[in-house]
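*Asks:* Quick one: the structure is below, questions incoming.
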Amino acid sequence: MSENNGVVVVADVQNLYHAAKTFGGGKKVNYKLLMQKILNGRKGVSCKAYAAHKDYKESKRFYNSLRAAGFEIVSKRIITKVENGRERLVPRYFEVELATDVMDAISDETVKTVVMCTGNGSYAYLIDRLKDIGISVEVWCFDKATAGSLKERSAFREIPAECLMSAQEAVKEENASTTATSVK
């Protein structure tokens, strides 16, 4: 492995959750295995997962499993608004944070590749900018959940089926990560 082949990995957790639910047979993403497949011997310079939560305490086990997989967590609280007497959840987006973090991370001269785990076409412009300055870009997601603009601009990789797990397996993974985190 070359020391000058660093990789930045960013994961849009909400996007992957909905993509896996819709196009992955209702399963959940095994982020630990996905990270292993992505890096495959390459050096992860910066690895961040962007996730929203209603209640941090309820999300803590999941966040610990992301940390155990090698991700730093960037999170926001989902807010609730009342309109016409009805409560509704307001989605939280991370396009600005993710793009800013990627541009900061590529200042490390060893970074040659950015891996984006998302199907969100809003990142097409970011990919163009990265390629303009000589950074290669991989997009990892589900084929049917990925915008054509991302596939056209990047080295697209379908998330392998072995990187999916059932809800029961996800709970086991979260529990194992929580146990490992509390032992440290």
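*Asks:* At E95 and E109, where each label point lies 7 Å from the Cα along Cα→Cβ, what is the point-to-point distance in nanometres?
*Replies:* 3.4 nm
*Asks:* Can you compute the label reach from I73? Point 7 Å from Cα along the Cβ direction, backbone N cut-off under 14 Å, restricted to segment 41-55.
*Replies:* Under 14 Å, as judged by backbone N against the label point of I73, lie 48-55 of segment 41-55.
*Asks:* In whole Å, what three semi-axes, largest first, describe the equivalent ellipsoid of the chain built from its Cα gyration tensor (square root of 5 times each eigenvalue)? Spell out each step's value before the answer.
*Replies:* On the way: eigenvalues 134, 87, 55 Å².
After diagonalising the Cα gyration tensor, the semi-axes are 26, 21, 17 Å.
*Asks:* Run the dipole for the chain about the Cα centre, Lys and Arg Cβ at +1, Asp and Glu Cβ at -1, nothing else charged, and hand back the magnitude in debye, nearest 20.
*Replies:* Working: 28 positive and 23 negative charges, 126 e Å.
The dipole magnitude comes to about 600 debye.
*Asks:* While we're here: Can you give the calculated 222 nm mean residue ellipticity of the chain, where each DSSP H run of n ≥ 4 adds -39,500 (n - 2.57) and the sum is split over every residue, rounded to the nearest 500 deg cm²/dmol? Spell out each step's value before the answer.
*Replies:* Numbers: 7 runs with 76 residues, N = 184.
Estimated from H runs of four or more residues: -12500 deg cm²/dmol.
*Asks:* Counting DSSP beta bridges with both partners in the chain, what percentage is antiparallel, nearest 5?
*Replies:* Details: 7 of 34 bridges.
Expressed as a percentage, antiparallel bridges in the chain total about 20.
*Asks:* A further question on this structure: Quote the convex hull volume per residue of segment 46-149, based on C-alpha atoms, as a whole number of Å³.
*Replies:* 131 Å³
*Asks:* Any number yet on Rg/Rh for segment 8-57, C-alpha, Kirkwood? Don't skip to the end; give the middle numbers.
*Replies:* Values: Rg = 12.3 Å, Rh = 12.1 Å.
For segment 8-57, the value is 1.02.
*Asks:* Moving to a separate point now. What's the FRET efficiency of K43 with A161 using the Cβ-Cβ distance as r and R₀ = 41 Å, to the nearest 0.05?
*Replies:* On the way: r = 26 Å, r/R0 = 0.65.
For R0 = 41 Å, the calculated efficiency reads 0.95.
Throughout, read-outs are computed from the coordinates displayed, never taken from laboratory work. This structure is a prediction, so every number in the text was calculated from the model and none was measured. So basically every Cβ, Gly included, is an ideal-geometry build from the backbone, and we count neighbours across all protein chains shown.
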